[in-house]
Amino acid sequence: MNIPAHAPLHLLHMAAIGTLATHARQPEGFPYPSVLPFAPDPQHRPTILVSRLAEHTHNLHADPRAGFLVVDAPDGDVLSGQRVTLLGTFEPVDSTPEVVRRYLRYHPDAERYLVLGDFTFWAMKLERLRYIGGFGAMGWLAGADLDPLPSLGFDEENALIEHFAGHSPGASGLQVLGVDRYGADLKLDGVRSRFVFDDAKRNTETLHAALEDCIQRHAN
């Protein structure tokens, strides 16, 4: 195994879409792949918003085991790019105000689906994952090894984001989508990116300082 530190975690924050493979009911047993948007939750797990009528939703109700593939190949060379295959089970997630607010930061257009009342959130409970980051950089990880640190709570993350929004007038056009102990997810002039911290931030003070550094680097 030769995986760069936290590379699978960062990849899950860089991509906006993934491929969900469920177990088909008809024809029974076949893999059923489907492409759809996702957002990483505070534990970095893919969270999806799906219609109750969708085929993959019916499949998950019958068998929650699934695979989820995320790829980052900006130059179109998939074999040289990063990809991670996640294995685990999907579980329904309550549409709490915190869950909705966070998901809509990543996918604001999804609000039109939420008003229909037919869409529900699901999050993946990871069992194992395989990361490939190019020649010689690949291996398996247990789901629990993706991030051994306690995740940020919604309140702590929101406080950091709101502080930035109120105190960074020089960074116009920049939006912070999410913050975790390893980096920040950004959208600058409509383009999404990932800012990687130099190391894991284990407390509020170091997180605040890292986010301030991130904002300053992106200020006009």
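Each value in this text was obtained by applying a stated rule to the coordinates, not by laboratory testing. What you see is a predicted model, and the numbers here were worked out from it, not measured in a lab. When we count neighbours, we look across all protein chains shown, and the Cβ atoms used for this are built from the backbone with ideal geometry, even at glycine.
Quick notes on this structure:
- Matching entry among D118, D145, D41, D63 (being in contact with a Lys or Arg (Cβ under 8 Å, 6 or more places away or on another chain), more than 18 Å from G178 (Cα to Cα) and of a type in the set (D, E, K, R)): D118
- Scope the stretch 12-37; condition under 13 Å from D63 (Cα atoms) and in contact with a Ser or Thr (Cβ under 7 Å, 6 or more places away or on another chain); matching residues: Y32
- Residues in the stretch 23-40 that are buried (at least 18 other Cβ atoms within 10 Å of the Cβ) and within 25 Å of M138 (Cβ to Cβ): F38, P40.
- Identity of the residue in the stretch 55-76, exposed (fewer than 15 other Cβ atoms within 10 Å of the Cβ) and among the small types (G, A, S), that ends up farthest from P92 (Cα to Cα): G76
- R101 vs. criteria under 26 Å from A7 (Cβ atoms), outside any loop (DSSP other than H, G, I, E, B) and within 19 Å of the chain's Cα centre (by Cα): no
- Scope the stretch 132-153; condition within 14 Å of L9 (Cβ to Cβ) and either aliphatic (A, V, I, L, M) or part of a loop (DSSP other than H, G, I, E, B) (or both); matching residues: G133, L141, A142, A144, L146, D147, P148, L149, S151, L152
- Residue pairs meeting the criteria (Cβ under 9 Å; at least 6 apart or on separate chains; first surrounded by 11 or more Cβ atoms within 10 Å (Cβ to Cβ), in the stretch 133-154; second of a type in the set (F, W, Y) and assigned to a strand (DSSP E or B)): A137/Y131; M138/Y131; G139/Y131; W140/Y131; L141/Y131
- For the stretch 94-122, a residue qualifies if it is in contact with a strand residue (DSSP E or B) (Cβ under 9 Å, 6 or more places away or on another chain), aliphatic (A, V, I, L, M) and over 24 Å from L186 (Cβ atoms), and exactly one does: L116.
- For the stretch 104-127, filtered to residues that are part of a strand (DSSP E or B), of a type outside the set (S, T, N, Q) and more than 16 Å from the chain's Cα centre (by Cα), the residue that is surrounded by the fewest Cβ atoms within 10 Å (Cβ to Cβ) is E127.
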